[in-house]
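Step one of this worksheet: look at the structure below.
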Amino acid sequence: MSDSASTERFSDRAGDYAAARPGYPDSIADVLIAEMTLPRAAVVADIGSGTGLSCEPFLRAGLTVIGVEPNDAMRAAGDRHLAAFPHFRSVKGTAEATRLHAASVHLLIAAQAFHWFNIPAARTEALRILKSPAHAALIWNDRLSRGDPFAEGYEQLLLDFGIEYTQIRHRHAHEDSVAAFFGHRNFRVSSFPNPTALDYGTLLARLNSASYVPRPEHPNYAPMIERLRALFDAAERNGRVAMDYVTRVFSGSLAT
């Protein structure tokens with residue numbers, strides 16, 4: 001996949017992404033601040049910050065966050081979403097060319113974005129912008145796909161209708177690529193429960209926010225939505241279904 005294809009693939013999904021994607025537990029920021037002994041005035045660079053969901057735990061913890069996002073629609077959605085936080089700003093940049101100053105950042109994070117990076121180039125850029133020690137955390141929300149009929153049915157829906165779903169799913173949090181970025185395998189792995197409850201409209205928006213599902217003009221879109229409605233109706237309780245995640249964090253310092 002070309003760089004332009006990976007950075008622009010969410011352009012027509014920014015609204016659904018902002019409305020329906022799961023956030024991240026505040027405890028992630030608390031753990032990383034303590035683990036890395038970050039100063040109160042620490043600057044965090046969120047690479048591939050999208051609509052700003054991954055910035056929020058660090059902003060609520062009182063840190064300054066710079067969202068680095070190449071996609072104009074996603075970056076604009078993030079600016080709107082985080083407008084109330086005075087310690088947030090965004091720049092148009094990529095993991096490989098952030099446009100940030102050298103040695104200006106205490107912690108680099110990437111949430112749900114690392115699998116799009118050119119790892120050698122992103123590692124070089126991370127070492128350029130990070131202060132020493134070069135702290136980083138790679139974060140994924142992993143949806144639980146087993147354990148109840150709705151979770152298993154939703155996973156099967158993605159397998160049946162998703163475009164490139166299996167390829168993208170297998171790229172998430174591959175420990176060899178994580179090790180290549182850190183330059184070692186001594187990174188820490190932490191897990192945080194992250195349950196969500198969705199009404200049908202939010203569930204539909206969450207599905208539509210995924211880059212690997214067909215758009216409304218595709219012939220498979222209508223049968224996919226019919227399946228989604230049936231899954232929801234069979235599983236809903238008081239108008240909502242549970243979609244549970246585990247947030248995984250790979251953290252440590254990059255070898256120099």
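Tabulated data for the structure shown
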item: Checking SER54 against (1) buried (at least 22 other Cβ atoms within 10 Å of the Cβ); (2) at pLDDT 95 or above; (3) at positive phi; (4) small (Gly, Ala, Ser), the condition it does not meet; result: (3)
item: Residue check, LEU138 under 18 Å from THR247 (Cβ atoms) and in contact (Cβ under 8 Å) with a residue 12 or more places away in the chain; result: yes
item: Members of the stretch 22-80 that are under 15 Å from the mean Cα position of the chain (by Cα), within 24 Å of THR202 (Cβ to Cβ) and part of a helix (DSSP H, G or I); result: ILE28, LEU53, SER54, CYS55, GLU56, PRO57, MET74, ARG75, ALA77, GLY78
item: All positions within the stretch 168-227 that are free of Cβ contacts under 8 Å to residues at least 24 places away in the same chain and assigned to a loop (DSSP other than H, G, I, E, B); result: ARG185, PRO216, GLU217, HIS218, PRO219
item: Pair list, Cβ under 8 Å, 6 or more apart: the stretch 95-106 residue touching a residue at least 12 places away in the same chain (Cβ under 8 Å), other residue in a loop (DSSP other than H, G, I, E, B) and surrounded by 18 or more Cβ atoms within 10 Å (Cβ to Cβ); result: ALA95/GLY48; ALA95/ALA113; ALA95/PHE117; GLU96/PHE117; ARG99/GLY93; LEU100/GLY93; HIS106/LEU38; HIS106/ALA42
item: All positions within the stretch 81-109 that are in a loop (DSSP other than H, G, I, E, B) and either over 16 Å from ILE129 (Cα atoms) or in contact with a Lys or Arg (Cβ under 6 Å, 6 or more places away or on another chain) (or both); result: LEU82, ALA83, ALA84, PHE85, PRO86, HIS87, GLY93, ALA102, ALA103
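Rundown of residues vs (1) surrounded by fewer than 13 Cβ atoms within 10 Å (Cβ to Cβ); (2) charged (D, E, K, R); (3) in contact with a Phe, Trp or Tyr (Cβ under 6 Å, 6 or more places away or on another chain), yes/no style:
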{"residue": "LEU158", "(1), (2), (3)": "no, no, yes"}
{"residue": "VAL178", "(1), (2), (3)": "no, no, yes"}
{"residue": "ARG188", "(1), (2), (3)": "yes, yes, no"}
{"residue": "THR196", "(1), (2), (3)": "no, no, no"}
{"residue": "THR202", "(1), (2), (3)": "no, no, no"}
{"residue": "LEU207", "(1), (2), (3)": "no, no, no"}
{"residue": "VAL213", "(1), (2), (3)": "no, no, no"}
{"residue": "PRO216", "(1), (2), (3)": "yes, no, no"}
{"residue": "ALA222", "(1), (2), (3)": "yes, no, no"}
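The values are calculated or read from the model by the stated rules, or taken from the named source; none is laboratory data. Note that this is a predicted model, so its numbers are computed, not measured. Methodologically, a virtual Cβ is constructed for each residue, glycine included, from the backbone with ideal geometry; neighbour enumeration extends over all protein chains shown.
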